[in-house]
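Trainee: My questions all concern the structure below.
The values are calculated or read from the model by the stated rules, or taken from the named source; none is laboratory data. These numbers were taken from a predicted model, which means no experiment stands behind them. Quick reminder, even Gly has a Cβ in these numbers, built from the backbone with ideal geometry, and neighbours come from all protein chains shown. These area figures cover heavy atoms from the full protein model, side chains too; ligands, DNA and RNA do not enter into them. Shrake-Rupley method; radii C 1.70, N 1.55, O 1.52, S 1.80 Å.
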Amino acid sequence: MVLRGEAIPLARPVIGDLEIERVLEVVRSGRLSLGPLLGEFEREFARRVRASHASAVSSGTAGLHLALRAAGVSDGDEVVTSPFSFVASANVVVYERARPVFADIDPVTFNLDPDAAAAVVTERTTALLPVHIFGYPADLTAFERLGLPIVEDACEALGAVDADGVPVGGRGHPAVFGFYANKQITTGEGGIVTTAHAALKQRIDSERNQGRAPDMDWLDHDRLGFNYRLSEIACALGLAQLEHLDRLLAGRERVAAAYGEALAEIDGVELPCQEPAPLRRGWFVYVIQLPRDIDRDSTVRALGARGIPSKPYFPAVHLMSYYRERFGHREGEFPVCEDVAARSIALPFFPEMTESQVERVAESLREVLGR
Ligand SMILES: Cc1ncc(COP(=O)(O)O)c(C=O)c1O
């Protein structure tokens, strides 16, 4: 085992004095939920992505669930989505007893391929659920041509700008962001849905709060709802994080650029694709593709032994045991996704990662791959 220096974390949020002060203020105020910071966080977030409205919720998954319900997805419907994603984007379809219909991905961007998606649309398709994977904007212009409701999974994509120069979240479709601790900003757990439509915000605001309409009394509910509320403590954290969003995003961009240089010379390793301006990735993770003749799992283990955590990112959703059993999926259905999923590893990546840590990762990888 060759452990040089301290172990490097896979991800690490940047939490400073501002976050701590804001959280303490809330705790001292005694107003811990449904207070003034909820609206403040929503307005500030919407402003950042140029959306008209935003509804904060308890997680990205909760936001996707409510956005799909608002798109009218229910029993027996089909929703076309990507098999190369975190499992939540497919799970939320199943929550509504609808069927996630997968289509293959683009081999360069790893996003759902619009032509493959178009080929699986049927009369039962109620919505499209493209994922901005690893923060790379999906081709919304192509999906819009299909004329179906769209819910954007933007959980990984804060800070991204699409090919038309529109910030992800600002296009008008419901777009859902996640604030788990590895995301561009974190509230511990949390999420938000942005939208151009006041009526959609109103519905989501009600459904996140047990189905209570805004003008109703405390225990009066006119629809089925959930407890998907985001606490004031989480909103305080989110507001503080938004104050230095530019710095957080710039940190991620700097680390990605450093990786680009440090890994460029390693034979056979494929790096994240370029971003043709004005498109910009909202850097979330740094995922590379290993050469086909390399055993991915033993690479992950050998890096781990050197104090470098890494992980397969992502396994294909359709090949997870639940999806195989429930929907009968098998290997070979989505060859591009399966090839990418088999070769991907996420390397340590966070805004305050130093150039020398990046160098150490690159050096260890070169050593482990013997190149
Ligand atoms: C692509 C994608 N979709 C959905 C989610 C779910 O978000 P959360 O963990 O906040 O529920 C995540 C994040 O973990 C994600 O990466």
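Trainee: Length gain on complete extension for the stretch E325 to E367, per 0.36 nm per residue less the alpha carbon to alpha carbon distance?
Mentor: Result: 11.2 nm gained on full extension.
Trainee: Quick one: accessible area per residue over the chain, 1.4 Å probe, rounded to a whole number of Å²?
Mentor: For the chain, the per-residue accessible area is 42 Å².
Trainee: Oh, and also: Quick one: which residues, 5 or more positions from V57 or on another chain, have an amide H under 5 Å from its amide H? H modelled 1.01 Å from N in the peptide plane, none for Pro or chain starts.
Mentor: Amide H to amide H, under 5 Å and 5 or more residues apart or across chains, V57 pairs with G191, I192, V193.
Trainee: Stretch D164-R247 to full length: gain in nm at 0.36 nm per residue minus the Cα-Cα span?
Mentor: Length gained between D164 and R247: 27.5 nm.
Trainee: Tell me, in nm to one decimal, what length is gained between E265 and R292 on full extension, where the rule is 0.36 nm per residue of separation less the Cα-Cα distance?
Mentor: Extra length from E265 to R292 when fully extended: 8.0 nm.
Trainee: Once Rh for the chain is found with the Kirkwood sum over Cα pairs, what is the Stokes-Einstein diffusion coefficient at 25 °C and 0.890 mPa s, in µm²/s?
Mentor: Rounded to a whole number, D works out at 115 µm²/s.
Trainee: If amide H atoms are built 1.01 Å from N in the plane of the peptide, which residues on other chains or at least 5 residues away come under 5 Å of the amide H of L158?
Mentor: Those qualifying (amide H under 5 Å, at least 5 residues apart or on another chain) are Q184.
Trainee: Could I ask something else about it? For the stretch 321-371, what % of the accessible area comes from carbon and sulfur atoms, probe 1.4 Å?
Mentor: 50 percent
Trainee: May I pose another question? Mind listing which chymotrypsin sites (Phe, Trp or Tyr not before Pro) in the stretch 314-371 are in a DSSP loop and have 14 or fewer other Cβ atoms within 10 Å?
Mentor: For chymotrypsin sites (Phe, Trp or Tyr not before Pro) across the stretch 314-371 that sit outside H, G, I, E and B with at most 14 neighbouring Cβ atoms in 10 Å, the list is empty.
Trainee: What are the semi-axes of the equivalent ellipsoid of the stretch 276-371, taken as the square roots of 5 times the eigenvalues of the Cα gyration tensor, listed largest first and rounded to whole Å?
Mentor: Gyration-tensor ellipsoid for the stretch 276-371: 27, 18, 12 Å.
Trainee: Still on this structure, please answer the following. Taking all pairs of distinct Cα atoms, average 1/r, flip it, and tell me the Kirkwood hydrodynamic radius of the stretch 124-237 in Å to one decimal place.
Mentor: After inverting the pairwise mean of 1/r, the radius is 15.4 Å.
Trainee: What 222 nm value per residue comes from the helices of the chain, counting each DSSP H run with n ≥ 4 as -39,500 (n - 2.57) and dividing by all residues, nearest 500 deg cm²/dmol?
Mentor: -11000 deg cm²/dmol
Trainee: If you don't mind, another one. Any idea what the relative contact order of the stretch 151-191 is, in percent, if you count C-alpha pairs under 8 Å spaced at least 6 apart?
Mentor: 38 percent
Trainee: On to the next question. Could you tell me what % of all Cα pairs in the stretch 1-132 have separations over 27 Å?
Mentor: Here the tail beyond 27 Å accounts for 44 percent of pairs.
Trainee: Can you pull out the trypsin sites (Lys or Arg not before Pro) in the stretch 163-259 that DSSP calls coil and that have at most 15 other Cβ atoms within 10 Å?
Mentor: When the trypsin sites (Lys or Arg not before Pro) of the stretch 163-259 are filtered for loop state and at most 15 Cβ neighbours within 10 Å, R223 remain.
Trainee: Taking the Cα centre of the chain as origin and charging only Cβ (+1 Lys, Arg; -1 Asp, Glu), how large is the dipole, in debye to the nearest 20?
Mentor: 540 debye
Trainee: How do the peptides 38-44, 122-128 rank, highest first, by the average count of neighbouring beta carbon atoms within 10 Å per residue?
Mentor: Top of the packing list down: 38-44, 122-128.
Trainee: To the nearest 0.05, what FRET efficiency results for R223 and V87 with a Förster distance of 22 Å applied to their C-beta separation?
Mentor: 0.20
Trainee: Can you say what percent of the DSSP beta bridges in the chain, counting only those with both residues inside, are antiparallel? Round to 5.
Mentor: Beta bridges within the chain, antiparallel portion: roughly 60 percent.
Trainee: For the stretch 79-210, give the percent of accessible area contributed by carbon and sulfur heavy atoms, probe 1.4 Å, rounded to a whole number.
Mentor: Of all accessible area on the stretch 79-210, carbon and sulfur atoms account for 53 percent.
Trainee: If you average the sequence gap of Cα pairs under 8 Å that are 6 or more apart and divide by the length of the stretch 178-245, what percent do you get for the contact order?
Mentor: For the stretch 178-245, the relative contact order is 29 percent.
Trainee: Moving on. For Cα pairs less than 8 Å apart in space and 6+ apart in sequence, what is the mean separation divided by the residue count of the chain, i.e. the relative contact order in percent?
Mentor: About 23 percent, as a whole number.
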